[in-house]
1. Scan the helices (runs of 4 or more DSSP H) fully inside the stretch 169-288 and keep the ones with 1 or more residues being modelled with pLDDT under 95, surrounded by fewer than 16 Cβ atoms within 10 Å (Cβ to Cβ) and out of contact with any Cys (no Cβ under 9 Å at 6 or more places or on another chain).
2. How many of the residues making up the stretch 505-558 are small (G, A, S) and over 17 Å from L46 (Cα atoms)?
3. Please pick out the residue among R298, R309 that is in a loop (DSSP other than H, G, I, E, B), assigned by TED's automatic domain parsing to the domain that holds G354 and out of contact with any helix residue (DSSP H, G or I) (no Cβ under 6 Å at 6 or more places or on another chain).
4. How about the stretch 400-426: which of its residues are crowded, with 24+ Cβ neighbours inside 10 Å and over 12 Å from S48 (Cα atoms)?
5. If the Cβ limit is 9 Å and pairs must be 6+ apart or interchain, which residue in the stretch 201-216 that is assigned by TED's automatic domain parsing to the domain that holds L153 pairs with which residue that is outside any helix (DSSP H, G or I) and of a type in the set (S, T, Y)?
6. Please verify whether L513 is touching a Ser or Thr at 6+ places or on another chain (Cβ under 9 Å), outside the structural domain of D402 (by TED's automatic domain parsing), surrounded by fewer than 16 Cβ atoms within 10 Å (Cβ to Cβ) and at pLDDT 95 or above, treating the condition exactly as stated.
7. Taking the condition among the charged types (D, E, K, R) and closer than 21 Å to F427 by Cβ, does E345 pass?
8. If we scan the stretch 61-75, do we find a residue that is in contact (Cβ under 8 Å) with a residue 12 or more places away in the chain and under 28 Å from R228 (Cα atoms)?
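The values are calculated or read from the model by the stated rules, or taken from the named source; none is laboratory data. All values reported here derive from a predicted model rather than from experimental measurement. All Cβ positions, even for glycine, are placed from backbone atoms using ideal geometry, and neighbour counts span all protein chains on display.
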Amino acid sequence: MKPPKINEATPQDFFIPGIDQGLALVRSENLDPVQVPQVLVDGLALASDVEQRLRLVREMADIEERRVWSCGISFPTVLAIAEDVCFQNRHLSVAGKYILSSAGGTRLRNRYAKLGPEIDGMAPDTALVEHMGTQSFNNRRGIPVATDIPRDLPFVIDARNYFNFYHFTKETLPLLTLVDEYELTGPILIVTGSSAKPVGFVSSYVETWFPHLVERVQFLHAPQTMERAFIALDTRHVYYQCRENVMQSIEGVSAEPVGRRATFDNMSIAACNSFEAPVADLRRHVLARIDGSPARRRIYVRRRSTRERHVVGEDLLEGRLQRLGFQTIFFEDLSLKAQATTVSESECIVSLHGAGLANMLFAPAGCHVVELSNLQTLLKRFGDFNPLALAAGVHYLHIYLDHDFEDRKALPSIAADGHRGVSIGGFEVDVIGAKLASLLDPEAQMRATEICRSLNDERRHDGLKQALDAHSDLLFHVPDWHVWQANVAADRGDRPAVLAHLHHAMILAPLRLPLLKRIMGVAQELGNQDVFLEATACFMQHSPQKADKFLRQNNWTM
């Protein structure tokens with residue numbers, strides 16, 4: 001039986017495991033979320049346009065304050081036997097109802113929120129959240145466990161499409177680890193609602209990492225129906241459809257309680273701080289099958305395709321990275337096994353935002369994974385790779401740059417302008433190079449910082465200048481390095497150089513109040529209205545009242 005079309009469906013047309021009939025677990029299992037160590041996910045805003053840079057700072061602060069938990073979460077994914085399984089129009093249903101599971105369930109929610117009908121004066125998703133909340137209080141007995149388990153039933157896996165490396169790596173391939181875990185012997189049906197044919201890496205992925213399953217895997221297109229089949233049930237969605245005696249609440253990971261209402265905000269925050277257990281299982285499965293060397297490689301990943309997401313200034317960046325021992329690679333030139341092996345041997349990976357970053361799943365714990373992106377990516381794609389970073393235990397650093405439009409003040413739309421690349425100039429390259437050098441040798445950075453700070457405090461400006469220049473490759477990303485350069489320039493009476501160095505410091509620390517006040521004074525002195533207005537905009541974001549008071553005290557107008 002098929003569920004109604006999305007635009008006609010009501011909340012009652014969504015399957016609630018444990019309440020609705022037609023789904024049972026293969027075995028009795030603990031469904032509780034498991035806390036795992038949180039990883040460091042941070043960012044650096046280098047956009048040249050002050051408004052975009054300040055927005056980047058605001059968004060990053062909001063993410064850190066509201067959306068990052070002290071611990072990560074691994075959600076179990078369990079195997080279930082489902083009756084009357086249907087894959088129609090990109091969505092999976094059981095017993096005539098849509099089922100929310102894994103990333104396909106999230107896409108279903110998004111589509112229903114957009115296309116579903118209004119219910120009793122409520123928006124479709126609001127009505128669905130209310131329905132699941134009510135049902136959750138009745139869902140206390142747990143999901144039933146099957147007694148009749150024929151292992152040769154088909155195992156149905158939902159795939160977004162057969163051409164996106166990221167989605168296949170994160171969402172589809174991990175579920176193949178369940179085949180051996182549950183000793184399944186039947187056909188494995190990977191089904192998509194997309195009409196596109198599988199590209200080469202799809203079958204190669206299975207052949208490379210699951211060669212013993214190749215003969216059983218079928219790549220199918222919707223519609224598909226089965227009277228009975230195995231499906232993977234992602235408990236990340238179940239969490240919002242039951243109570244504590246079925247799945248324990250997530251506690252002690254944030255200042256605010258982790259809500260169990262299935263709102264988009266609750267679920268998006270959870271998604272940024274969690275991964276599905278098969279993702280970590282795939283990581284272990286792959287790493288056990290490659291012979292990697294110790295993590296010493298440093299790689300910069302370029303893209304063969306020039307259709308979109310350019311890196312303007314890429315040659316300049318590559319030259320700087322080569323000085324740090326980086327090797328440029330193209331994932332397109334490597335087999336899947338060679339990609340995983342290369343990443344597993346790396347202590348630092350730099351790449352433009354893109355599907356190839358999914359390979360970070362195979363990086364060694366503690367590896368520095370540096371993603372080059374822009375404000376557009378932060379607003380529309382942040383969190384895509386967080387589950388992989390969490391499962392791998394890597395340090396995930398976002399460096400937000402200008403987009404590749406000529407008009408730096410514009411904010412491109414993904415729908416209208418596509419997912420944009422980045423533009424890098426000399427200042428940004430120097431910042432990135434120093435940031436990477438400090439990550440790769442933090443003790444050297446600490447020593448260099450202490451030397452320069454001591455010379456600055458003692459006002460030994462000649463020695464300070466020599467030390468600053470000697471350690472620029474380690475400290476150029478540090479705001480104080482530029483402030484100290486400004487102090488040297490001030491001692492020599494070079495006011496334009498003072499302002500230039502302070503301006504660089506402000507880019508790196510746009511909300512540092514004493515710095516902003518100093519810049520505004522020097523900019524007024526030199527009649528540089530552009531820098532004055534930029535510093536004032538930063539001050540206004542820091543504290544509008546304090547900024548207004550400071551302007552009035554000095555009789556300055558904007």
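1. By residue number, 200-209, 264-272.
2. Here is the first cut: in the stretch 505-558, the ones small (G, A, S) are 505, 509, 521, 523, 527, 535, 537, 543, 547.
So of that shortlist, the ones also over 17 Å from L46 (Cα atoms) come out as 521, 523, 527, 543, 547.
Summing the residues that are small (G, A, S) and over 17 Å from L46 (Cα atoms) in the stretch 505-558 gives 5.
3. R309
4. Of everything in the stretch 400-426, those that are crowded, with 24+ Cβ neighbours inside 10 Å and over 12 Å from S48 (Cα atoms) turn out to be R420, G421.
5. V202/Y162; S204/S335; T208/S335; R216/T185
6. When the stated conditions are applied, L513 passes them.
7. no
8. Looking through the stretch 61-75, at least one residue is in contact (Cβ under 8 Å) with a residue 12 or more places away in the chain and under 28 Å from R228 (Cα atoms).
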